[in-house]
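The values are calculated or read from the model by the stated rules, or taken from the named source; none is laboratory data. Given the structure is predicted, the values throughout are model-derived calculations rather than measurements. Note: ideal-geometry Cβ built from the backbone for every residue, glycine included; neighbour counts use all protein chains shown.
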Amino acid sequence: MMSPASPAIVWRKTVVPMVVLLVLVGVFGVGGYVGSNQAIGNKPEWRKMVHSPAEYNLSSETVTLQSTDGIPLKAWWLPAQHDAGTHGVGVVQAGTPESLPTVNVILVHGRDMNRSGMLPRAAFLVRHNYNVLDLDLRAHGESGGNYITPGYREASDVLGGVAHIRGRGEHGPIVVLGYSYGAVAALHAAALCPDISAVIADSAFITPDDVLKNVAHHEGIPLKYKVGIWMAQVPLLDRSTDFFFWVRTGVKLDRRRPAELRQQVAFTISLCFTSQGDRTGLRRRGMRASCTRRRRPPAKISC
């Protein structure tokens, strides 16, 4: 007859594994929740306006529009200044400048900024006779929403901008100029919408993971944000972050490489100019610029 197991053996075989399991569940639970916080919530740095059109002597109209998935958005409509004897077309075309439709440019900002940060670009474009729609993406500036994604949900915001421009009766080509994750949103949108003639992707990241790795080592990032970013990079914790993001928003994160989207866009100009002050660019890759022209595939949606 076997003697009963000692309390120490019972402890090692039952209680210790249970404690280890609970600790792991707690670590991954807390880590996933903290990691998902980096993309969820009302962040002051996403909302604060730093410039106004008046600072650049621009005539502007504050407009309200909707993303194609129903998020209320704000933007500035900045009409072209037709006084320089040129026309915002970028190529030589038949006819007089007055007879050609004005090119429309949608400006799409990066994370941690909003439409006010794109005003220097807007001023340059307007004075070279381009219409500009300077857009606040969801959860930024004055737009609705309380979470962000790596650019693919924001594509619906860009498509809402396309619809707004057409609703104004503007018939000229539409170009999207996006910066950082706004550039990724532009690529996603153009892959879906044949009405977008071209994309200028300024500093679009290669993958969201590349951004996390670079930002985590940037000296200018507050420690409280770095902790969440570090957690999001730990093996398996990144999946926990994705899971908690899905639980809290109902959205499954898309980890496709933005570079793959260029194959679905009719014309793209990709710019990667990085510096010591760039939080998201890959400095080791230096400076790159590329231009891609593709045959557009059948449109997946109407826009």
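Looking across 30, 19, one residue alone is of a type in the set (A, V, I, L, M), modelled with pLDDT under 95 and surrounded by 13 or more Cβ atoms within 10 Å (Cβ to Cβ). It is 30. Select from segment 114-162 the residues that are under 23 Å from residue 241 (Cβ atoms) and among the hydrophobic types (A, V, I, L, M, F, W, C) and write down the one among them that is modelled with the lowest pLDDT. By that ranking, first place goes to 148.
Right, residue 74: modelled with pLDDT of 95 or more and within 30 Å of residue 247 (Cβ to Cβ) or not? Step through it out loud before you land on a result.
Values: modelled with pLDDT of 95 or more: yes; within 30 Å of residue 247 (Cβ to Cβ): yes.
The answer is yes for residue 74.
Quickly run through segment 117-142 and pick out the residues that are within 17 Å of the chain's Cα centre (by Cα) and within 19 Å of residue 184 (Cα to Cα). Once the filter is applied, which keeps residues that are within 17 Å of the chain's Cα centre (by Cα) and within 19 Å of residue 184 (Cα to Cα), segment 117-142 yields 117, 118, 133, 134, 135, 136, 137, 138, 139, 140, 141. Taken over segment 163-195, the residue count meeting the criterion of being among the β-branched types (Val, Ile, Thr) and over 17 Å from the mean Cα position of the chain (by Cα) is 2. Scanning segment 112-165 for residues that are among the aromatic types (Phe, Trp, Tyr) and in a helix (DSSP H, G or I) yields a count of 1. In the set (1) in contact with a strand residue (DSSP E or B) (Cβ under 7 Å, 6 or more places away or on another chain); (2) modelled with pLDDT of 95 or more, the condition left unmet by residue 110 is number (2).
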